[in-house]
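Right, one structure below, let's go through it.
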């Protein structure tokens with residue numbers, strides 16, 4: 001087995017009586033773009049800081065190329081970080097900022113100036129080389145911070161919410177710059193963010209964390225289509241979470257007794273060991289369709305009434321309620337809305353395929 | 001409309017008293033000092049006149065320039081010594097102490113100001129005297145007595161007593177304002193902790209460090225308590241010169257010339273120091 005570039009092995013970090021990271025296990029391969037995602041306090045930044053050498057794990061080991069680096073200080077390892085605040089040196093010019101790492105490596109002055117300018121040129125900010133950092137725009141400063149870390153040609157780059165201070169147009173632009181850079185250089189990017197759109201747009205794999213624990217690791221598509229627990233189902237996309245008591249199984253389709261009758265769901269790898277317990281499943285809002293009549297193409301259908309609707313651009317989120325009071329959300333297009341007509345009048349059904357349901361852990 | 005005029009009346013109400021105070025007790029006396037330097041003294045009485053003789057008299061005297069040189073260099077030396085002594089303490093207080101302990105330490109740095117400077121200088125005499133505590137100790141270990149009081153060293157110790165707590169306080173405030181991420185960023189780029197102090201911490205805190213040294217210079221340059229009671233007037237500083245001139249023969253106009261020279265020196269030093277502090281900043 002080839003060894004991973006970075007490995008967190010049973011890593012925990014406690015601050016006094018607060019556990020920031022709880023038994024983290026994660027392997028990161030060479031050349032991967034991996035995002036650690038979660039809301040604030042979920043442990044993503046602490047994990048990154050342990051890798052960068054600013055925090056020492058309370059338990060477990062952080063390995064870089066198979067070697068434990070727990071006790072190495074930040075200046076003893078090669079794990080450059082791009083800060084949320086960028087942390088550019090305000091008393092140095094742009095090019096001096098970029099040179100800083102090379103200066104520490106004792107690269108001769110003409111050589112390091114050349115390499116710094118080359119990176120400024122790569123990132124299209126060569127014209128600002130002699131400026132002070134505070135004379136640049138947010139996006140330009142972002143590039144300086146990237147150049148300052150990349151100029152040392154690291155094999156890994158850590159990014160801590162680097163785009164959170166930019167306006168939304170710039171964020172999309174910089175996402176493009178980052179993905180392109182990562183692909184060109186083939187170095188590993190570990191990207192910490194609270195933003196689902198940033199993580200899903202750029203990362204090969206996303207690690208979803210909550211309260212110090214990893215909830216799920218997978219490709220953006222995996223996480224979106226197959227959230228494996230309540231937290232991820234609630235955190236990623238728009239999911240309905242329903243549940244019921246196991247009744248029977250037929251051709252890989254389970255029947256659950258729910259409040260409004262039987263739910264039919266596809267058995268999956270997440271199947272619980274104990275079928276007698278209540279089973280929950282998730283069904284994405286965009287897989288829930290609404291029509292005026294019963295539609296036999298779908299094996300789940302329930303009579304609903306409208307509780308509210310919310311326009312989100314070209315789509316509409318419908319907040320529905322079944323006869324027993326179960327809440328269901330459905331994402332429909334404006335075109336579908338026109339076919340449905342006024343939902344305040346008449347009956348209609350929410351329906352979905354058992355294929356699109358999958359079991360989640362509590 | 002009503003709101004704006006109300007507000008400007010309100011702000012005027014609060015900004016006028018300090019303005020009037022400044023005019024009455026700073027600008028006007030300063031102007032009077034300037035005028036006074038052109039007056040003359042006849043039969044030990046100061047009388048209005050317009051003569052350059054006081055300026056010529058003072059600037060022609062070798063002892064004035066000698067005194068100027070010593071005052072300036074002792075003050076400059078004190079601000080360098082104070083900055084160097086204070087920095088490790090300030091660094092430790094700002095970066096290593098927890099917030100609670102830091103607060104206690106900062107409070108203890110304010111405590112010296114509770115006691116009159118004069119009292120503190122007198123108490124130094126007990127330590128620095130030829131048969132004082134320090135010399136007794138030196139004698140005991142066989143080094144023998146070292147003259148400390150009535151020397152330039154005594155003056156500098158006095159200046160430090162006056163300014164060191166303030167220098168530390170000002171340094172701590174500027175060091176505490178440094179973005180911690182800058183320090184981490186330096187470490188992250190393989191800069192050792194010691195190098196980080198010189199390459200990141202000091203440049204980032206430059207304005208505050210220069211201001212602290214400047215304050216120390218200003219306090220030492222004008223002080224007359226230390227040179228009299230600890231320096232023993234062995235070195236006639238400009239402050240002592242002013243006292244001597246005004247006492248001996250009522251030479252207030254000549255004292256005014258010295259005072260104005262001091263003020264101009266401090267203004268020039270402040271200007272240069274601030275220019276250096278803010279160099280390359282918007």
- Query: Are there any helices (runs of 4 or more DSSP H) wholly within region B:157-250 with 2 or more residues that are within 14 Å of chain A (Cβ to nearest Cβ), out of contact with any strand residue (DSSP E or B) (no Cβ under 8 Å at 6 or more places or on another chain) and touching a residue at least 60 places away in the same chain (Cβ under 8 Å), and if so which?
  - Reply: B:206-222
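If a residue has to be part of a helix (DSSP H, G or I), touching a residue at least 60 places away in the same chain (Cβ under 8 Å) and either in contact with a helix residue (DSSP H, G or I) (Cβ under 6 Å, 6 or more places away or on another chain) or more than 22 Å from residue A:280 (Cβ to Cβ) (or both) to count, how many in region A:330-362 make the cut? Step through it out loud before you land on a result.
Going residue by residue through region A:330-362, those that are part of a helix (DSSP H, G or I) are A:334-340, A:354-356.
If we keep only those that are touching a residue at least 60 places away in the same chain (Cβ under 8 Å) as well, we get A:354-356.
If we keep only those that are either in contact with a helix residue (DSSP H, G or I) (Cβ under 6 Å, 6 or more places away or on another chain) or more than 22 Å from residue A:280 (Cβ to Cβ) (or both) as well, we get A:356.
Total satisfying the criteria: 1.
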- Task: State whether the residues of region B:113-126 include one that is over 21 Å from residue B:71 (Cα atoms), over 28 Å from the mean Cα position of the chain (by Cα) and part of a loop (DSSP other than H, G, I, E, B).
- Result: no
- Any hit, region B:40-56, residues being exposed (fewer than 13 other Cβ atoms within 10 Å of the Cβ), part of a helix (DSSP H, G or I) and either modelled with pLDDT of 90 or more or under 26 Å from the mean Cα position of the chain (by Cα) (or both): yes
- Query: How about region A:142-250: which strands (runs of 3 or more DSSP E) wholly inside it have at least 2 residues that are without any contact (Cβ under 8 Å) to a residue 40 or more places away in the chain?
  - Reply: A:213-218, A:239-250
- Message: For region A:93-108: of the residues being touching a residue at least 40 places away in the same chain (Cβ under 8 Å) and crowded, with 19+ Cβ neighbours inside 10 Å, which is farthest from residue A:136 (Cα to Cα)?
- Response: A:102
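This table checks each residue for (1) surrounded by 23 or more Cβ atoms within 10 Å (Cβ to Cβ); (2) out of contact with any helix residue (DSSP H, G or I) (no Cβ under 7 Å at 6 or more places or on another chain).
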{"residue": "A:31", "(1), (2)": "no, yes"}
{"residue": "A:41", "(1), (2)": "no, yes"}
{"residue": "A:44", "(1), (2)": "yes, yes"}
{"residue": "A:50", "(1), (2)": "yes, yes"}
{"residue": "A:54", "(1), (2)": "no, no"}
{"residue": "A:70", "(1), (2)": "no, yes"}
{"residue": "A:81", "(1), (2)": "yes, no"}
- State whether the residues of region A:154-177 include one that is at positive phi, more than 12 Å from chain B (Cβ to nearest Cβ), out of contact with any helix residue (DSSP H, G or I) (no Cβ under 7 Å at 6 or more places or on another chain) and modelled with pLDDT of 90 or more. yes
- Query: Looking at (1) at pLDDT below 95; (2) in a helix (DSSP H, G or I); (3) under 23 Å from residue B:221 (Cα atoms), which is the one condition that is false for residue B:108?
  - Reply: (3)
- What do you reckon, is residue B:97 outside any helix (DSSP H, G or I) and under 25 Å from residue B:161 (Cβ atoms)? yes
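I need the helices (runs of 4 or more DSSP H) fully contained in region A:32-130, keeping only those with at least 1 residues that are in contact with a strand residue (DSSP E or B) (Cβ under 7 Å, 6 or more places away or on another chain) and within 14 Å of chain B (Cβ to nearest Cβ). Write out each step before concluding.
Details: elements: A:44-52, A:94-104, A:109-122.
Because the criterion is at least 1 residues that are in contact with a strand residue (DSSP E or B) (Cβ under 7 Å, 6 or more places away or on another chain) and within 14 Å of chain B (Cβ to nearest Cβ), the helices (runs of 4 or more DSSP H) in region A:32-130 that meet it are A:44-52.
The values are calculated or read from the model by the stated rules, or taken from the named source; none is laboratory data. In this text, all values refer to a predicted model and were calculated from it rather than measured experimentally. We place every Cβ from the backbone using ideal geometry, glycine too, and count neighbours over all the protein chains shown.
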